[in-house]
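Remarks on the structure that follows.
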Amino acid sequence: MTASPRQPAPPEKLPRGRHPLTQAAVAGSQRVRLLDAVARVVADKGFGAATVADVIALAGVSRRTFYEHFPGLEDCFLAAYEDGMRSLFGAIRQALAGVAHDDPALRTRIAIHAYLAAMASAPAAAWSFTVEVLASGRRGLDRRDWVMAQWVEQWRAFHRLRQRSQSGLEELNDAQLLALVGGMEELVRDQLRRHGAQSLPQIAAALDTFAASVLTTDPKRG
């Protein structure tokens with residue numbers, strides 16, 4: 001059974017009439033609302049069924065304004081995807097600020113909790129960027145390749161911290177790290193589909209155990 005992604009309130013629209021905001025501020029607000037709206041629409045209807053009309057109705061902007069920002073729906077969605085993933089990486093970095101580097105197990109545990117908490121706080125984005133991105137075509141998959149590469153580098157850094165504290169650990173190659181990242185994402189996707197974004201923190205322990213099993217295995221023996 002597929003769980004429907006529940007969504008918090010969208011960003012507020014600008015007040016009608018005169019206001020003190022600059023043109024750049026107005027454009028920035030419009031863009032934020034469009035990115036939020038496309039994630040919500042895609043989560044609700046699916047990437048293939050979403051339309052520009054759906055997005056502008058939810059964002060509260062005109063069709064002309066939409067096309068001032070984006071050439072089409074695909075570009076809007078891909079911009080939302082990249083923006084959302086950058087925000088997710090930022091949330092993880094913020095959670096790790098001040099956490100000792102000599103405790104790699106704690107750092108990975110905190111990173112996983114931050115990842116799941118950020119996803120749980122944005123159900124529409126979690127669904128769109130984990131499930132629907134797979135249906136977004138070649139450009140979407142190319143953008144996802146970039147995202148996966150960022151995850152691989154994050155987990156490479158975590159593994160190197162473990163190498164410093166645990167002798168005998170060999171380097172993990174890109175394929176092994178990508179398998180780790182892909183496996184974690186599949187666990188997240190399964191939880192999303194079955195139980196919804198709010199349940200994601202419940203699988204933190206499973207992800208932590210899985211990550212530790214990969215990061216602490218000597219490839220020559222494991």
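Just so you know, all these numbers are worked out from the coordinates, no wet-lab data involved. The model shown is predicted, which means the values in this text are computed figures rather than measured ones. Backbone-built Cβ (ideal geometry, glycine too); neighbour counts: all protein chains shown.
Among the residues of the stretch 83-103, those identified as of a type outside the set (D, E, K, R) and within 23 Å of Arg162 (Cα to Cα) are Phe89, Gly90, Ala91, Ile92, Gln94, Ala95, Leu96, Ala97, Gly98, Val99, Ala100, His101.
Of all residues in the stretch 172-222, how many are in contact with a helix residue (DSSP H, G or I) (Cβ under 6 Å, 6 or more places away or on another chain) and not in a helix (DSSP H, G or I)? Residues meeting the conditions: 1.
Candidates are the residues of the stretch 161-173 that are surrounded by fewer than 15 Cβ atoms within 10 Å (Cβ to Cβ) and not hydroxyl-bearing (Ser, Thr, Tyr); the one that is farthest from the chain's Cα centre (by Cα) is Gly168.
For (1) surrounded by 14 or more Cβ atoms within 10 Å (Cβ to Cβ); (2) at positive phi; (3) under 18 Å from the mean Cα position of the chain (by Cα), each residue gets a yes or a no:
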site	(1), (2), (3)
Arg138	no, no, no
Trp151	yes, no, yes
His159	yes, no, no
Ala175	no, no, no
Met184	yes, no, yes
Ala197	yes, no, yes
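Within the stretch 132-171, if we keep just the residues that are among the polar types (S, T, N, Q) and touching a helix residue (DSSP H, G or I) at 6+ places or on another chain (Cβ under 7 Å), the residue that is nearest to Gly84 (Cα to Cα) turns out to be Gln150. Can you name every residue in the stretch 149-182 that is closer than 20 Å to Glu132 by Cβ and small (Gly, Ala, Ser)? The one that is closer than 20 Å to Glu132 by Cβ and small (Gly, Ala, Ser): Gly182. What number of residues within the stretch 124-158 satisfy the criterion of being closer than 13 Å to Val181 by Cα and touching a Leu at 6+ places or on another chain (Cβ under 7 Å)? Number satisfying all stated conditions: 6. Do we find that Arg139 is under 30 Å from Val32 (Cα atoms) and either in contact with a strand residue (DSSP E or B) (Cβ under 8 Å, 6 or more places away or on another chain) or of a type outside the set (Ser, Thr, Tyr) (or both) in this structure? For Arg139, the condition - under 30 Å from Val32 (Cα atoms) and either in contact with a strand residue (DSSP E or B) (Cβ under 8 Å, 6 or more places away or on another chain) or of a type outside the set (Ser, Thr, Tyr) (or both) - is met. Summed over the stretch 90-127, the residues that are outside any helix (DSSP H, G or I) and closer than 16 Å to Gln191 by Cα give a count of 1.
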